[in-house]
Amino acid sequence: MTAFTFPAPPPADVEGLRAEVRDFLATELAARKPRDRARSWSGFDADFSRKLGERGWIGMTWPKAYGGHERSALERYVVLEEMLAAGAPVAAHWIADRQSGPLLLKVGTEEQRQTILPRIAAGECFFCIGMSEPDSGSDLAAVRTRATPVEGGFRVTGTKLWTTYAHKSHYMILFCRTGSQEERQGGTSQLLVDLNTPGITIRPIADLSGEHHFNEVVFEDAFIPDSALIGRMGDGWNQVMGELAFERSGPERFLSSFTLLVEVVRALGDDPSDRAREAVGRLTAHLVTLRRLSRSVAGMLQNGENPALQAALVKDLGALVEQEIPEIVRGVVSVEPSLQADTELAAVLAHTILNAPAFSLRGGTREILRGIIARGLGLR
Ligand SMILES: Cc1cc2nc3c(=O)[nH]c(=O)nc-3n(C[C@H](O)[C@H](O)[C@H](O)COP(=O)(O)OP(=O)(O)OC[C@H]3O[C@@H](n4cnc5c(N)ncnc54)[C@H](O)[C@@H]3O)c2cc1C
């Protein structure tokens with residue numbers, strides 16, 4: 001069996017930055033109730049994103065030439081974890097900052113970088129990810145949305161599914177088929193799609209709690225110009241796999257239920273039962289360990305390594321803990337979960353229960369991640 005490691009993250013002098021972010025959030029989020037904080041990275045607020053852009057907290061690691069701030073991956077990590085721990089609404093810029101921007105920086109054309117990256121860093125340009133389709137979610141290589149080369153560009157036809165915030169985004173990074181179906185991975189490419197393009201219809205899908213963040217996005221012979229090709233034709237698969245390392249390792253992979261933990265600690269007060277003490281202590285120990293693993297991946301990304309395997313492990317372990325939190329909370333406090341409840345704990349609990357099933361689906365399902373880990377260990 002092959003072994004793999006999580007090296008110690010490189011040291012970073014971050015306490016000044018952490019205090020600055022906390023001060024900012026204390027003011028900005030003062031009026032935000034726990035039930036809204038529980039949405040954390042799925043909460044969309046374009047004004048808040050713009051304010052973060054003004055502070056220099058989007059595109060933090062990117063070159064200044066593209067509107068970035070040339071800070072370290074660990075400084076970025078500090079900003080992210082403070083945002084999520086406080087329940088800040090970061091969804092508007094989240095995907096662009098986390099993966100679309102880094103993708104363009106790595107393989108985009110100079111024109112794409114110059115026109116898009118400064119707008120992302122300013123918190124004014126939002127992205128969605130067009131990977132999943134009906135019949136090709138986990139089996140991404142079966143993607144059928146087709147971009148057929150024509151004079152000056154491509155004609156795109158097909159359907160994307162579960163596209164988070166497509167209805168509020170400016171662009172989609174479209175994963176599509178440019179070669180034959182038989183080529184599988186090798187016949188895929190990525191396109192930078194302006195969502196105002198004629199021939200694109202965005203339809204809402206409600207989630208379990210009735211909220212609209214998912215969409216179905218239908219392309220009907222939409223014309224996408226040549227200049228939209230990201231990286232090399234046929235390289236879509238490799239590019240997407242690089243993106244997923246960013247998607248799978250961040251603090252959002254263990255802080256999605258954090259507001260609930262904060263609320264239950266508040267509700268338990270100064271003299272909790274031994275059982276409650278033990279439960280909260282155990283969850284805290286898990287979170288501290290996950291944080292250490294996740295910071296290690298941030299360090300590897302900073303060093304230009306490819307921690308895809310470690311990222312899959314962080315995501316799987318993180319989802320387990322996040323999904324466990326609502327169940328454990330139910331065991332230590334007596335509260336009826338309800339989205340409309342007067343008490344914040346009951347509303348946060350209801351929100352978390354309704355969203356937790358998705359934690360082990362989004363960004364790659366549990367079975368797929370475990371397959372990646374097993375392969376990485378040389379077990380399959
Ligand atoms: C909250 C949320 C947000 C999302 N946002 C986006 C987004 O913005 N953009 C986007 O493109 N997608 C998005 N997705 C889609 C998500 O990435 C897919 O749901 C996921 O990849 C699984 O695909 P599927 O739903 O088609 O399930 P399927 O692939 O049909 O899988 C169904 C079940 O079968 C299992 N399975 C499938 N293949 C295998 C195998 N080979 N071995 C063992 N088990 C297997 C899976 O693990 C799963 O349990 C989002 C999903 C959620 C829940």
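The values are calculated or read from the model by the stated rules, or taken from the named source; none is laboratory data. Worth saying up front: this structure is predicted, and the values here are computed from it rather than measured. In this analysis, Cβ positions are derived from the backbone assuming ideal geometry, glycine residues included, and neighbour counts consider all displayed protein chains. Please note that ligands, DNA and RNA were not included when accessible areas were found on the heavy atoms of the full protein model with its side chains. Shrake-Rupley method; radii C 1.70, N 1.55, O 1.52, S 1.80 Å.
Based on every Cα atom in the chain, Rg and the maximum pairwise Cα distance Dmax equal 20.8, 72 Å. Here the stretch 327-364 and the stretch 226-300 have alpha carbon centers that stand 17 Å from each other.
In the elastic network of the chain, a GNM with C-alpha springs shorter than 10 Å, the most mobile of 24, 359, 254 is 24.
Counting alpha carbon pairs within less than 8 Å and at least 6 residues apart, what relative contact order, in whole percent, applies to the stretch 281-380? The partial results should precede the final answer.
Values: 63 pairs, mean separation 27.4, N = 100.
Relative CO of the stretch 281-380 lands at 27 percent.
The slack in the chain from residue 114 to residue 183, taken as 0.36 nm per residue of separation less the alpha-carbon distance, amounts to 21.5 nm. Of the residues 115, 178, 188, the one that moves most in a GNM of the chain with alpha-carbon contacts below 10 Å is 115. Taking 0.36 nm per residue of sequence separation and removing the Cα-Cα distance, the residue 135/residue 274 pair yields an extension gain of 45.2 nm. One decimal place: the segment residue 155-residue 107 gains 15.1 nm when fully extended, by the rule 0.36 nm per residue minus the C-alpha distance. Using a simple spin-label model with pseudo-atoms 7 Å out from Cα toward Cβ, residue 266 and residue 30 lie 1.6 nm apart. Note on the chain: with charges restricted to the Cβ of Lys and Arg (+1) and Asp and Glu (-1), its dipole about the Cα centre is near 540 debye.
What helices in the chain pass both tests, a Cα length along the helix axis of 18 Å or more and a mean Kyte hydropathy of -0.5 or higher, using whole DSSP H runs? Walk me through the numbers before you get to the answer.
On the way: long enough: 15-28 (20 Å, -0.42); 73-86 (20 Å, 0.77); 236-249 (21 Å, -0.46); 274-302 (42 Å, -0.13); 308-332 (36 Å, 0.66); 344-359 (22 Å, 1.21).
The answer, listed by residue number, is 15-28, 73-86, 236-249, 274-302, 308-332, 344-359.
The fraction of accessible area contributed by carbon and sulfur in the chain is 52 percent, rounded to a whole number (1.4 Å probe; ligands and nucleic acids excluded).
If a spin label sat at a point 7 angstrom from the Cα of residue 223 along the line to its beta carbon, the backbone N atoms of the stretch 147-179 nearer than 13 Å would be those of 150-156. Ignoring everything but the protein chains, give the 1.4 Å probe accessible area of residue 182 in square angstrom, nearest 10. The value for residue 182 is about 150 Å².
Think of a 1.4 Å ball rolled over the protein heavy atoms: the chain then has 44 Å² of accessible area per residue. Divide the volume of the convex hull around the Cα atoms of the stretch 232-380 by the residue count and you get 136 Å³ per residue. With contacts taken as Cα pairs under 8 Å at a separation of at least 6 residues, the chain carries a relative contact order of 17 percent. Residue 35 contributes an accessible area of around 50 Å² to the protein surface, as traced by a 1.4 Å probe with all chains present.
The distance between label points at residue 289 and residue 196 comes to 5.0 nm (points 7 Å beyond Cα on the Cα→Cβ vector).
Only protein heavy atoms count here; on that basis, with a 1.4 Å probe, residue 262 has an accessible area of about 50 Å². Site pair residue 55 and residue 208 shows an inter-label distance of 3.1 nm when each label is modelled 7 Å from Cα along Cα→Cβ.
Spherically averaged projected area of the convex hull of Cα atoms, the stretch 1-66: 8.2 nm².
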